[in-house]
Amino acid sequence: MTTLFIADLHLDDARPGITTLFEQYLGSDEARGANAFYILGDLVEAWIGDDDDAQLPARIAAATKGLRDAGVPVYFMVGNRDFLLGEAFAERAGMTLLEDGTVHEIEGVPTLLMHGDVLCTDDVEYQAVRKQVRTDAWKQQILSMPLAARRAFAAQARSDSKSRTGRIDETIMDVNQGAVEDAMRHARVTRLVHGHTHRPAVHEFTLGGAPAQRIVLGDWYDHGSVLRIEPASVELRGLKLP
Ligand code: MN
């Protein structure tokens with residue numbers, strides 16, 4: 001059997017082909033035949049609340065609910081773009097929310113699942129902002145704003161983020177190996193799957209004398225990207241745009 005993982009789709013009305021690819025893939029025989037389907041954050045470019053009445057959230061919910069109704073458990077972990085996604089939408093979308101840092105047994109191997117942003121500890125400025133915006137008080141303050149104001153706020157946050165990522169050193173936006181090893185030791189695992197950095201790869205290293213693996217999911221910009229884990233194999237694969 002196969003377990004499937006995706007992350008960093010950054011679904012957005014500006015890139016309709018990616019949304020279509022997402023819908024097609026969730027309806028494919030491969031997805032419908034999986035043991036389980038995991039979405040590890042940044043499914044959308046911006047999430048402004050579960051009460052968003054736009055078309056995109058409705059299309060996402062229809063796709064994930066369809067997969068769930070076909071008998072495949074769908075798990076969702078928030079990323080830094082969609083951390084306002086909550087239980088109300090998850091329920092509508094047939095998804096089970098996972099805390100960042102959950103360990104699930106994947107095809108026989110205990111596996112640590114993360115979005116990946118907390119591992120980027122060299123980016124001190126980002127970690128400080130992250131801490132601030134993940135408080136219940138901050139989230140409540142945003143969610144109490146009218147939808148139109150939240151849309152404007154999200155657009156501003158995206159343009160701020162773009163100008164920031166353009167000016168800081170690439171290496172500080174990757175994970176810190178020490179943070180990776182600490183997280184894996186703490187979770188008592190030898191396999192980690194995460195997204196966020198948009199640097200798809202399977203990294204092999206040694207952890208406490210044992211072989212360990214960090215698998216990084218790819219983004220969905222020029223094409224789709226899926227991780228397939230089977231009992232004896234790990235494969236990152238691209239998906240062509242329709
Ligand atoms: Mn991210």
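The values are calculated or read from the model by the stated rules, or taken from the named source; none is laboratory data. From a predicted model like this one, the values you see are computed outputs, not experimental measurements. Positions of Cβ are backbone-derived with ideal geometry, glycine not excepted, and every protein chain shown enters the neighbour counts. Ligands, DNA and RNA are stripped out before the accessible areas are found, and what is left, the full protein with its side chains, is counted by its heavy atoms. Shrake-Rupley method; radii C 1.70, N 1.55, O 1.52, S 1.80 Å.
A compact table of results
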| read-out | value |
| --- | --- |
| Accessible solvent surface per residue of the stretch 3-239, calculated while the other protein chains remain in place, 1.4 angstrom probe, Å² | 46 |
| Neighbourhood net charge (9 Å Cβ-Cβ; Lys/Arg +1, Asp/Glu -1) for Thr2 | -2 |
| For the stretch 3-239: relative contact order, % (alpha-carbon pairs under 8 angstrom, 6 or more apart) | 23 |
| Approximate spin-label separation Arg199-Asp122, in nm, with each point projected 7 Å along Cα-to-Cβ | 0.7 |
| Nearest-10 value in Å² for the accessible area of Thr3, using the 1.4 Å probe | 10 |
| Pair Glu235, Asp12: separation of 7 Å Cα→Cβ label points (nm) | 3.1 |
| Set of lysines with alpha-carbon distance to Lys65 below 28 Å, sequence-local pairs under 8 removed | Lys139, Lys240 |
| Alpha carbon centroid spacing (whole Å) that separates the stretch 26-100 from the stretch 122-162 | 21 |
| Qualifying GluC sites (Glu not before Pro) in the stretch 69-172, DSSP loop, other Cβ atoms within 10 Å at most 15 | Glu99 |
| Computed label-point distance, nm, for sites Thr102 and Lys162 using a 7 Å Cα→Cβ extension | 3.3 |
| DSSP bridge pairs, the chain: antiparallel proportion in percent, nearest 5 | 55 |
| Estimated FRET transfer efficiency (Ala58, Val133; beta-carbon r; R0 25 Å; 0.05) | 0.45 |
| Projected-area average for the chain over all orientations - Cα convex hull basis, square nanometres | 12.6 |
